[in-house]
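Enquirer: Here's a structure for you.
Please treat every number below as a calculation from the coordinates, not as lab data. Computed from a predicted structure; not experimentally measured. No Cβ is skipped: glycine too gets one built from the backbone with ideal geometry, and neighbour counts run over all protein chains shown.
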């Protein structure tokens, strides 16, 4: 059940990122953007099921790194405001 939820969220995340990037770049029309985003999301979903454990590890480590960088940036900003 958890794997299905993670796969659905991975699909939605991929779709939204690709669709948003294509809309921002305005290369195609909206319908073509949606089709390209859906195909890309299904392709990423296929790789998620083929290499599921590896994808989950990469997502977890990238999340940890992102939170660490964000925390360091907040500490740096807070230290500069005290000066």
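Enquirer: Rounded to the nearest 500 deg cm²/dmol, what is the calculated helix-only ellipticity per residue at 222 nm for the chain, with -39500 (n - 2.57) per DSSP H run of length n ≥ 4?
Expert: Computed ellipticity for the chain at 222 nm equals -32500 deg cm²/dmol.
Enquirer: Under the classification rounded if a/c is under 1.5, otherwise prolate if a/b is larger than b/c and oblate if not, where does the chain fall, given a ≥ b ≥ c as square roots of the Cα gyration tensor eigenvalues?
Expert: It is oblate, given that a/c is not under 1.5 and a/b is not larger than b/c.
Enquirer: Sorted by mean Cβ packing within 10 Å, highest first, what order do the peptides 58-66, 29-37, 74-82 take?
Expert: Descending mean neighbour count gives 29-37, 58-66, 74-82.
Enquirer: How high is the FRET efficiency from residue 67 to residue 6, r the C-beta distance, R0 25 Å, rounded to 0.05?
Expert: 0.85
Enquirer: If I stretch the segment between residue 42 and residue 30 completely, what's the gain in nm (0.36 nm per residue apart, minus their alpha carbon distance), one decimal?
Expert: Using 0.36 nm per residue and subtracting the Cα-Cα distance, I get 2.5 nm.
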